[in-house]
Amino acid sequence: MLMPTEFADHYDLVVPEGWEVIQWDQYEKAKFIGRRIESIDPPAAVILENWGGEWVSDFTDRPLRVNALSWEEVFETQRREFSSSEFFGFEVLPERTIGGERSVGMRVREVMEGRGSVWEQWHVLRHDGVWLFDLLSGGGRDRIGDDVYELLDSFRWTGPAPSPIPEPLPVPTPRQR
């Protein structure tokens, strides 16, 4: 059994040509935001985020660690979020592998400023928390682009997060007599 870690494991992915990285954090809370460079607003994008222990209460009322959540608790919580009136066409997606781990996903459609778009969200439960992978088609598109899936398929975990660097000890001061 994998033990929970205080911080998210490190990861790597391949950013496709023609994309820009908005945020890429590896320490404490893993987060990546990348988007296609294009004139479409909003552009196609991928957002990944690790939800560690502080997020467990968002998924369940049971007192437990984030690595003890069930697929059903995570999925049901996100499904409720997608059931608001701004989304339509909710569908459960077939399981897929992300970074060598089982993932479950869902897809919704939304209309913003009169333009439709598609949003997929994939969930991976691991010892270091719930990983969410959001794939966005970009405004006016009715499907997620191949380059978005290529970025998702390139994702892999590269190792455990290092122990945090301890705070430096205070410099000793001479004793006063």
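The values are calculated or read from the model by the stated rules, or taken from the named source; none is laboratory data. Everything numeric in this text was worked out from a predicted model, so none of it was measured. For neighbour counting, all protein chains shown are included, and Cβ atoms are generated from backbone atoms with ideal geometry for every residue, glycine included.
Take the conditions free of Cβ contacts under 8 Å to residues at least 60 places away in the same chain and of a type in the set (Lys, Arg) and apply them to residue 102. Does it pass? So residue 102 passes the test. Within this structure, residue 159 fails the test of being within 21 Å of residue 8 (Cβ to Cβ), touching a residue at least 60 places away in the same chain (Cβ under 8 Å) and crowded, with 17+ Cβ neighbours inside 10 Å. Counting only strands (runs of 3 or more DSSP E) that sit completely within segment 16-91, those holding 3 or more residues that are at pLDDT 85 or above, in contact with a strand residue (DSSP E or B) (Cβ under 9 Å, 6 or more places away or on another chain) and under 17 Å from residue 126 (Cα atoms) correspond to 45-51.
Where residues in segment 113-154 are over 15 Å from the mean Cα position of the chain (by Cα) and without any contact (Cβ under 8 Å) to a residue 60 or more places away in the chain, which of them is surrounded by the most Cβ atoms within 10 Å (Cβ to Cβ)? Ranking the candidates gives 118 first.
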